[in-house]
Amino acid sequence: MADICNNRPINGKMDGGAEEEGSDLEVAKMELEKWKTQAEKADDVKARLILEKLEEDEAKTKAQQEMMACVKKQEKCQNEFTQGMDEVQEEILKLGKRRQDLLDKVKRCQADLEAKRVESTQLKQKFKIYAQIPDTEVKFSHQNKEEGDDDSQPITGVFAISQRPTVLLQGGQALITFEEEKVASQILKIAKCTVSCENMTLDVKPKRITMDPAVKFEVHLDVSRKELKLSNVPPSMPEERIKDRLEMSFSRPSRGGGEVESVEYEKNTGTGQITFLLPGVAERLALRGSYHVDLDSEVNVQVGPIYKYELRKFQTFCGAPRRTILLDDIKDKEDEEDLQDHLEIHFQKPSNYGGEIESIKYISKGKTLQAFFSED
């Protein structure tokens, strides 16, 4: 190309070719500059991409590290969760066993409680008093007033009640009470006694007596001298007006009343209480049983004493008499009185280990008898 440039152009056509070549050169330069610019841009893009790749690699490494940390944390949490679940399951098993033990204990306690209730019911029935106390007329002739006695104090009474020991004698049985304890002890050592009757013999079995439980107790009774109980008071007026009418009615000396200290009245039950200022009025009115009261009309109300009672010195006892024995399995082969005579004769003889008899009672088959014992 340097040779061509040094040669002179021959004609005008050659000049035109040189211009064209110069133009191509310019284009080539432009193209070169263009490609250089694009190459620089490409280098910039490449550098940027390399930087981005490095950043992404760094981010990827960091993410991987974070992911590994999360995996480790997850594994740790999983292990802790598994361990916690195992502990919870173990605790649940322990609680289940504890619950079952408690249920078993509750069942045992309920069974024990039921047994105690049955035993309590049996003891209540065993020691319950069914004896009917007869009515007794008592006549007070006068009152011994002690020095310093206060009329305002309640009337005090003490009643001592003692239940005699009993045993139920069935048909074909006999009770024998000896004068000496040693005779009864000797007879009880014999398993079977053969009693001679007219033209025959009779076998009887001596047994120790088990008496029903008996009780002793005292009832302390305090009867108020100033207070009177009311009942059957109709609620025909407001409560306060009824109280006023009651106070006015019970204050009338013409009806046996006296000065009233206080009045109590319960409208729902129709009951009340009058407290007099002086003793003696309540006693007199209580003996009447009724009293006329002016409400909206004249009404007859029930009156009675107010008293308190207390059970003291309650004692229960049971046992076996030392001088009395029971004869059982006695066959009815003779008349009741004749057979009783033969039994008495037999057990009076010392040769039969007997002795002096204080009392004897035999009843035949089909009968029962309640025997009462007294203290020696």
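Taking the criterion of being within 30 Å of C197 (Cα to Cα), among the aromatic types (F, W, Y) and open to solvent by 80 Å² or more (accessible area, probe 1.4 Å), the only residue of the stretch 297-356 that qualifies is Y353.
When the stretch 187-240 is filtered for residues that are without any contact (Cβ under 8 Å) to a residue 12 or more places away in the chain and among the β-branched types (V, I, T), the ones remaining, listed by number, are T194, T201.
Cβ-Cβ distances below 9 Å connect the following pairs, each with a first residue in the stretch 277-301 that is on the phi > 0 side of the Ramachandran plot, a second residue that is assigned to a loop (DSSP other than H, G, I, E, B) and not hydrophobic (A, V, I, L, M, F, W, C), and a separation of six or more residues or different chains: G280/D151; G280/G258. Restricting E33, E55, E20 to residues that are at pLDDT below 80 and surrounded by 10 or more Cβ atoms within 10 Å (Cβ to Cβ) narrows the list to E20. For the stretch 135-158, does any single residue satisfy the condition of being at pLDDT 85 or above, in contact with a strand residue (DSSP E or B) (Cβ under 8 Å, 6 or more places away or on another chain) and open to solvent by 70 Å² or more (accessible area, probe 1.4 Å)? The answer is yes; a qualifying residue exists.
Among the residues in the stretch 274-286, are any open to solvent by less than 40 Å² (accessible area, probe 1.4 Å), under 16 Å from I306 (Cα atoms) and of a type in the set (S, T, Y)? Scanning the stretch 274-286 turns up at least one residue that is open to solvent by less than 40 Å² (accessible area, probe 1.4 Å), under 16 Å from I306 (Cα atoms) and of a type in the set (S, T, Y). Whenever a residue of the stretch 254-274 is on the phi > 0 side of the Ramachandran plot, its partners that are small (G, A, S) and at pLDDT 90 or above, lying with C-beta atoms within less than 7 angstrom and at least six residues away or across chains, give the pairs G270/S231. Can you tell me which residue in the stretch 232-272 is nearest to V303 (Cα to Cα), limited to those that are assigned to a strand (DSSP E or B) and open to solvent by 40 Å² or more (accessible area, probe 1.4 Å)? Looking at residues that are assigned to a strand (DSSP E or B) and open to solvent by 40 Å² or more (accessible area, probe 1.4 Å), I get T271. The requirement of being open to solvent by 80 Å² or more (accessible area, probe 1.4 Å), among the acidic types (D, E) and over 17 Å from L188 (Cβ atoms) is fulfilled nowhere in the stretch 357-372; no residue meets it. Quick one: would you say K205 is among the basic types (K, R) and assigned to a strand (DSSP E or B)? Against the criterion (among the basic types (K, R) and assigned to a strand (DSSP E or B)), K205 qualifies. Looking across the stretch 168-223 at every residue that is of a type in the set (D, E) and out of contact with any Asp or Glu (no Cβ under 6 Å at 6 or more places or on another chain), the one that is surrounded by the fewest Cβ atoms within 10 Å (Cβ to Cβ) is identified as E198.
Consider the stretch 155-178 and keep the residues that are outside any loop (DSSP other than H, G, I, E, B) and polar (S, T, N, Q). The one that is nearest to Y307 (Cα to Cα) is T156.
Answer yes or no: is there a residue in the stretch 332-347 that is on the phi < 0 side of the Ramachandran plot and part of a strand (DSSP E or B). No, there is no match, as no residue in the stretch 332-347 is on the phi < 0 side of the Ramachandran plot and part of a strand (DSSP E or B). Restricting to the stretch 273-294, give me the number of residues that are under 43 Å from the mean Cα position of the chain (by Cα) and assigned to a loop (DSSP other than H, G, I, E, B). The number of residues fulfilling the criteria is 1. Just one of the listed residues (L221, L230, L295) is more than 30 Å from R164 (Cβ to Cβ), aliphatic (A, V, I, L, M) and in contact with a Gly (Cβ under 7 Å, 6 or more places away or on another chain), and it is L230. Within the stretch 80-116, being polar (S, T, N, Q), open to solvent by 100 Å² or more (accessible area, probe 1.4 Å) and over 38 Å from the mean Cα position of the chain (by Cα) holds for one residue alone: Q83.
The values are calculated or read from the model by the stated rules, or taken from the named source; none is laboratory data. Given the structure is predicted, the values throughout are model-derived calculations rather than measurements. Note that we place each Cβ from the backbone using ideal geometry, even for glycine, and neighbour counts take in every protein chain shown. Accessible surface is based on the protein model in full, side chains and every heavy atom, while ligands, DNA and RNA are left aside. Shrake-Rupley method; radii C 1.70, N 1.55, O 1.52, S 1.80 Å.
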